[in-house]
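The values are calculated or read from the model by the stated rules, or taken from the named source; none is laboratory data. Treat the numbers as computed from the prediction; the structure is a model and nothing was measured. As a convention, Cβ positions derive from the backbone with ideal geometry for all residues, glycine included, and neighbour counts pool all protein chains shown.
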Amino acid sequence: MITGASSGIGAATAGVLAAAGHPVALGARRVDRCEEIAEAIVKDGGEAFVHPLDVADSDSVRRFVAAATGSFGAPEVVVSSAGDLSAELIHGMDSEEFAAQLQVHLVGAHRLVSHVAPGMVERGRGDLVFVSSDVVRAPRPRMGAYVAAKHGLEGMVRAMQMELEGTGVRVSMVRPGPTMTGMGMGWDARTTELVLSDWAKWGLARHPYFLRPEDVAAAVAAVVGAPRGTHLALIEVQPEAAVTKPKENR
Ligand SMILES: NC(=O)c1ccc[n+]([C@@H]2O[C@H](COP(=O)([O-])OP(=O)(O)OC[C@H]3O[C@@H](n4cnc5c(N)ncnc54)[C@H](OP(=O)(O)O)[C@@H]3O)[C@@H](O)[C@H]2O)c1
């Protein structure tokens, strides 16, 4: 099961896991985009199922999990990638909008957990993978609600890792750095300029390279493909800088 599968990292993860032989259940609000991704997966010989999902709505999460389970059986792997990002200063932000970010990234992840983890614990196996963000290690300005939500997410996941140790259920985090996806693509030019200049000011834009969604999906695949007896609890993925000629003073 993959949430946020209509775009970016979630969509790429669906493709990579399907190619590795997993039947994949894609959930997001834009079902038409999920259908296109599913069609491509099936064309390549994989198995895919699509169902509408809004992680901000408990009933929608319940229906998604029930439908996907009805189609493919109890989930072995659940990837929580759904998320959005509003670029605003914290003090200028409407509190409802602040809460909406927590609803999607934090409470949304918990909604998923509450529907899939009990069964995994009962069966004594499963992988729960949460897409976090490098903002937890190095916060970025103009996205304070997002930073708070991802901190909350990592806190919840770390507590779950302790609670589920020894159950056979591995709970993991993949923490991407800047990745070229749909995120931030809806901002106007002025917002993008302000965000990027703040990144530069705080030393968060050392080079211009972004990860591709497939690069992050490869990390998710590594987490779920890790042999039993191994737990890749946290992987941070960063874009590699361009290779420069060695300098004498290096
Ligand atoms: N891009 C980056 O630089 C970056 C860096 C670090 C972490 N991340 C994390 O990576 C994850 C995926 O984001 P992305 O970069 O791949 O962005 P993206 O291309 O915009 O994809 C976001 C996905 O989340 C879905 N989504 C948003 N709100 C949802 C909701 N309420 N219910 C269900 N699905 C919802 C979107 O689908 P619908 O709109 O169709 O619902 C879309 O499929 C997010 O958790 C994000 O925080 C991204």
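See the values below:
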{"quantity": "Hey, ASP54 under 21 Å from ALA100 (Cβ atoms) and either touching a helix residue (DSSP H, G or I) at 6+ places or on another chain (Cβ under 7 Å) or touching a residue at least 60 places away in the same chain (Cβ under 8 Å) (or both) or not", "calculated": "yes"}
{"quantity": "Condition met for GLU39 (part of a helix (DSSP H, G or I), among the charged types (D, E, K, R) and in contact with a strand residue (DSSP E or B) (Cβ under 6 Å, 6 or more places away or on another chain))", "calculated": "no"}
{"quantity": "Residue match in the stretch 145-157 (condition: over 26 Å from GLN103 (Cβ atoms) and either away from the ligand (no atom under 11 Å from the Cβ) or out of contact with any Asp or Glu (no Cβ under 6 Å at 6 or more places or on another chain) (or both))", "calculated": "no"}
{"quantity": "Residue pairs meeting the criteria (Cβ under 7 Å; at least 6 apart or on separate chains; first under 14 Å from ASP127 (Cα atoms), in the stretch 232-246; second of a type in the set (Lys, Arg) and at pLDDT 95 or above)", "calculated": "LEU234/ARG175"}
{"quantity": "When residues of the stretch 119-135 are limited to those that are under 14 Å from the mean Cα position of the chain (by Cα) and of a type in the set (Val, Ile, Thr), the one surrounded by the most Cβ atoms within 10 Å (Cβ to Cβ)", "calculated": "VAL131"}
{"quantity": "Tabulated pairs, the stretch 126-142, first hydrophobic (A, V, I, L, M, F, W, C), second part of a loop (DSSP other than H, G, I, E, B) and more than 7 Å from the ligand (Cβ to nearest atom), C-beta under 9 angstrom, 6+ apart or interchain", "calculated": "LEU128/LEU164; ALA138/TRP202; ALA138/GLY203; ALA138/LEU204"}
{"quantity": "Selection within the stretch 158-184 - among the charged types (D, E, K, R) and either within 16 Å of the ligand (Cβ to nearest atom) or more than 15 Å from HIS110 (Cβ to Cβ) (or both)", "calculated": "GLU165, ARG170, ARG175"}
{"quantity": "Hits in the stretch 199-250 (condition: closer than 21 Å to ALA18 by Cβ, among the charged types (D, E, K, R) and touching a helix residue (DSSP H, G or I) at 6+ places or on another chain (Cβ under 8 Å))", "calculated": "ARG212, GLU214"}
{"quantity": "Members of the stretch 64-93 that are over 16 Å from THR191 (Cβ atoms), surrounded by fewer than 17 Cβ atoms within 10 Å (Cβ to Cβ) and out of contact with any helix residue (DSSP H, G or I) (no Cβ under 6 Å at 6 or more places or on another chain)", "calculated": "ALA66, THR69, GLY70, SER71, GLY73, GLU76, HIS91"}
{"quantity": "Qualifying positions in the stretch 192-229 - more than 16 Å from the ligand (Cβ to nearest atom), under 26 Å from ARG125 (Cα atoms) and part of a helix (DSSP H, G or I)", "calculated": "ALA222, VAL224, GLY225"}
{"quantity": "The stretch 177-205 residues that are closer than 17 Å to ASP134 by Cβ and aliphatic (A, V, I, L, M), paired with ones that are at pLDDT 95 or above and exposed (fewer than 11 other Cβ atoms within 10 Å of the Cβ) (beta carbon under 6 Å, 6 or more apart)", "calculated": "none"}
{"quantity": "Which listed residue, of GLU39, GLU35, is more than 22 Å from SER133 (Cα to Cα), in contact (Cβ under 8 Å) with a residue 12 or more places away in the chain and more than 7 Å from the ligand (Cβ to nearest atom)", "calculated": "GLU35"}
{"quantity": "Count - residues of the stretch 17-32 that are outside any loop (DSSP other than H, G, I, E, B) and either surrounded by fewer than 22 Cβ atoms within 10 Å (Cβ to Cβ) or without any contact (Cβ under 8 Å) to a residue 60 or more places away in the chain (or both)", "calculated": "9"}
